[in-house]
């Protein structure tokens, strides 16, 4: 039975060969996570991500059903995952506050060129939903992840919780 479980999905941002790994645990509905992705991440791009020094492994840590469904949309098009995450954070105030948030998610998927049937299949993928939720349970149990965003750098060399500015991240990354 355990063989039927899907591994918790992740999204890697940056070069997979980077020497420094930042594991980020975030919820797509979390305002602090959005702040990090929309403000700090662009500043990290050139000196750390594009240069190959650092990769960020994004772990879904949904705090509610809407954020879980948003993670399913990201998993619907892995080749566009980074762009979908950015779009969801940019539009966060719109979809997270809408009782018809699934309609908003469907419209974002269509805007990105995903066929309607594929979007529906993704939003109803119980195996992937279970994997995402199990990933959250495992991160909480095994890594004591209790807040979003949480960053674990190089397997535990540093553990940061909450929004991090560029200067805060750079200070930690430059020590490694």
Sorted largest first, extent of segment 1-83 alpha carbons per principal axis (Å): 42, 30, 19
12 Å reach of a label modelled at residue 38, 7 Å along Cα-to-Cβ, counting backbone N of segment 63-93: 86-93
R0 of 35 Å, Cβ-Cβ distance residue 125-residue 170: FRET efficiency to nearest 0.05: 0.40
Theoretical FRET efficiency, 1/(1+(r/R0)^6), r = Cβ-Cβ of residue 160 and residue 15, R0 22 Å, to 0.05: 0.55
Segment 7-48 and segment 136-176: distance between their alpha carbon centers, rounded to Å: 11 Å
Gain in span if fully extended, residue 63 to residue 51, counting 0.36 nm per residue against the direct Cα distance: 1.1 nm
Packing-based ranking, highest mean first, of 20-26, 47-53 given that Cβ atoms within 10 Å are counted: 20-26, 47-53
Length-normalised contact order of segment 1-73 in % [C-alpha pairs under 8 Å, at least 6 apart]: 47 percent
Residues 94, 69 arranged by fewest to most Cβ contacts within 10 Å: 94, 69
Sequence-separation-based contact order of segment 2-173, relative, with Cα cut under 8 Å and 6+ spacing, percent: 34 percent
Sorted peptide list for 76-88, 97-109, criterion being average Cβ within 10 angstrom, highest first: 76-88, 97-109
Extension reserve of the residue 90-residue 117 stretch, reckoned as 0.36 nm per residue once the Cα distance is removed: 7.2 nm
Theoretical ellipticity at 222 nm over the chain - DSSP helices of four or more residues, -39500 (n - 2.57) apiece, nearest 500: -13000 deg cm²/dmol
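No lab work stands behind these numbers, since they all come straight from the coordinates. Bear in mind that the values here come from a model prediction, so they are computed numbers and not experimental data. FYI the Cβ positions are ideal-geometry reconstructions off the backbone, even for glycines, and counts take in every protein chain you see.
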